[in-house]
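Take a look at the structure set out below.
The values are calculated or read from the model by the stated rules, or taken from the named source; none is laboratory data. Owing to the predicted nature of the structure, the values given are computational and were not obtained by experimental measurement. Please note: Cβ atoms are built from the backbone with ideal geometry, for glycine as well, and neighbour counts cover all protein chains shown. Just so you know, the surface numbers come from the protein's heavy atoms only, side chains and all, with ligands and any DNA or RNA stripped out. Shrake-Rupley method; radii C 1.70, N 1.55, O 1.52, S 1.80 Å.
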Amino acid sequence: MRYAHEVDKVRAAEQALMARLPDGTLMARAAAGLAAVCARLLPRVYGARVVLLVGGGANGGDTLYAGALLARRGARVVALRAGTSVHEGGAAALRAAGGRLLPPDATGEIDTADLVIDGLTGIGGSGGLREPHATLARRASAAPATLVACDVPSGVDASTGAVAGTAVHADVTVTFGTHKPGLIIDPGAAHCGVVELVDIGLGADLPDPDVVAARPDDVRPPEPGPESDKYRRGVVGVIAGSGTFPGAAVLAAGAAVRGGAGMVRFASDAHAVELVRQRWPETVTRVVEPGPDVLAEIGRVQAWVVGPGLGGGERAEALVGAVLASDVPVLVDADGLNAVSRSDALRRALLCRDVPTVLTPHAGELARLLRVDRDAIEARRLEHARRAAVELGATVLLKGSTTLVAELDRPVRVNPTGTAWLATAGTGDVLSGLVGALLAGGMAALEAAAAGAYLHGLAARLASGREGREAPISAEDVLRAIPDAFRTLD
Ligand SMILES: NC(=O)C1=CN([C@@H]2O[C@H](COP(=O)(O)OP(=O)(O)OC[C@H]3O[C@@H](n4cnc5c(N)ncnc54)[C@H](OP(=O)(O)O)[C@@H]3O)[C@@H](O)[C@H]2O)[C@@H](O)CC1
Ligand SMILES: Nc1ncnc2c1ncn2[C@@H]1O[C@H](COP(=O)(O)OP(=O)(O)O)[C@@H](O)[C@H]1O
Ligand SMILES: [K+]
């Protein structure tokens, strides 16, 4: 797993470590790591033009010391000082190495630089960048020079990834000690470029992470063994589709098949059932009307998926209600979530469940569930995913440019796979069927949701093509690539 810690935990760990080390050791380690990355990025350090953007805090200090190291190797280094104060030790080191400090209006230096280091704000930044920081950030982001952010791109909130106004768009972010959530969650993540972690020795002092991102060998979907049969592998029941949206049913049922379910039971109205039967003859289908015995009519399952394409109205509410009353893991998606948003009774049913429930909203659906603005959710995804997990008593998979999975008292999972080409109709239906199959296979809710998001994003990348040469994909392309995604896991 890749770990990320929020700012208060980073500071506590740094203090604990600093208490055992001579003054300035951590800053020296951070600066050395930063300078080493910058040196690698330059074709030649000697004679390179390096500009430092320096704020008044320790982030500026790291940057000044790194600039001094580059100056000692023959780079021509100038620092533009934003604000009134500047880290004194760092400024003295830069001067001693032959570098110069200039006022912030010397912005012409940025346009002719080979490399710019952004040391305006790090983990101490808060709110939108003030002037002259914002102008410097904009100018550096637009300049041809390679832009390296020190610890965090200035203007990005390190703990959350929120961006209030201008923020640096870095090519590379060199971060110290541990990742910060804001570097792996959008909108902040989109400002980071490539993230390089420099070890400054914090390891033993860091507590459990706030946020984690899987690496390929962390994703372990269930595998059949010699003792397996279709029932032991897990039966998933999919209740989806309607006269208006039958396609969602085909995608969700198909993804459950491809996601490794031993068997898929599919139930809906006659039209959706007919389409699913034609497209996925391996499913066991049943036409159902909502009623007290609807689940018994469909048959025994190890997990339910309810919601994709169900449409609005009482039918959807009744079907979601029946599923929430069951005693097996449940995934609620799309119109199923909208039904919960409309009905206090369903909300109560959700809270009463003592078996796992996974909710898979996009920002609009979560906005309706939490009764907040969609924009607020997209700006502060981490906060809202966590809040939803608490208020709705469920494992919440928030979809979008960064997919998060939140569960009470657990580090939030950030999905590292995916591509913007996934933003196309129907891909969410594929995700619901896939996660449903993993739940039916016996994975815990958090693991199933995180593994499903990982495989879904990987399938999309495989379908879309090699980086730099991607092509548009359909939801069906993603579905077809699910087995390839499984194959790429170790
Ligand atoms: N602690 C350690 O052991 C280690 C820490 N390390 C390094 O220290 C960094 C943290 O340093 P830090 O705590 O000094 O905060 P920092 O990120 O420089 O920001 C504060 C400055 O920014 C300013 N500012 C804030 N918001 C602003 C805004 N919106 N717009 C404009 N200005 C704004 C604020 O001004 P003020 O609001 O006080 O007027 C103040 O001047 C960390 O990221 C890492 O690089 C490493 O060396 C390893 C060891
Ligand atoms: N900008 C984006 N970058 C990466 N993935 C995205 C982006 N926007 C959406 N996605 C992904 O695309 C899928 C869309 O799901 P959803 O909105 O439910 O679509 P639908 O309801 O049409 O099936 C989700 O997996 C989501 O995480
Ligand atoms: K910075």
Next on the checklist: Taking the criterion of being buried (at least 23 other Cβ atoms within 10 Å of the Cβ), near ligand 3 (Cβ under 9 Å from one of its atoms) and more than 25 Å from the chain's Cα centre (by Cα), would at least one residue in the stretch 121-130 satisfy it?
Outcome noted: no
Checklist outcome for this item: Of the listed residues (SER154, SER141), the one being open to solvent by 30 Å² or more (accessible area, probe 1.4 Å) and more than 26 Å from ALA406 (Cβ to Cβ) is SER141
Checklist entry - Pick from the stretch 183-198 the residues that are among the small types (Gly, Ala, Ser) and over 10 Å from the mean Cα position of the chain (by Cα): which of them is least open to solvent (accessible area, probe 1.4 Å)? => result GLY188
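Before we move on, is ARG480 more than 24 Å from ALA189 (Cβ to Cβ) and more than 16 Å from ligand 3 (Cβ to nearest atom)?
Spelling it out, ARG480 is indeed more than 24 Å from ALA189 (Cβ to Cβ) and more than 16 Å from ligand 3 (Cβ to nearest atom).
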Next on the checklist: Out of the residues in the stretch 118-144 meeting the condition of being without any contact (Cβ under 8 Å) to a residue 24 or more places away in the chain and either within 11 Å of ligand 1 (Cβ to nearest atom) or among the β-branched types (Val, Ile, Thr) (or both), tell me which one is farthest from ALA162 (Cα to Cα).
Outcome noted: GLU131
Checklist entry - Can you list the helices (runs of 4 or more DSSP H) found entirely within the stretch 1-98 that contain at least 2 residues being without any contact (Cβ under 8 Å) to a residue 24 or more places away in the chain and more than 16 Å from ligand 3 (Cβ to nearest atom)? => result 7-18, 25-41, 88-96
Checklist outcome for this item: Residue hits (the stretch 413-449; more than 15 Å from ligand 2 (Cβ to nearest atom) and not in a helix (DSSP H, G or I)) are GLY441, GLY442, MET443, ALA444
Checklist entry - Take the residues of the stretch 188-206 that are assigned to a loop (DSSP other than H, G, I, E, B) and within 16 Å of ligand 1 (Cβ to nearest atom): which is nearest to LEU397 (Cα to Cα)? => result CYS192
Item to check | Criterion violated by GLY161 - all others in (1) within 16 Å of ligand 2 (Cβ to nearest atom); (2) open to solvent by 10 Å² or more (accessible area, probe 1.4 Å); (3) small (Gly, Ala, Ser) satisfied | outcome: (2)
Item to check | Those residues of the stretch 394-425 which are under 12 Å from VAL358 (Cβ atoms) and open to solvent by 40 Å² or more (accessible area, probe 1.4 Å), in sequence order | outcome: GLU407
Item to check | Count of residues meeting criterion [of a type in the set (A, V, I, L, M, F, W, C) and within 15 Å of the chain's Cα centre (by Cα)] in the stretch 157-170 | outcome: 2
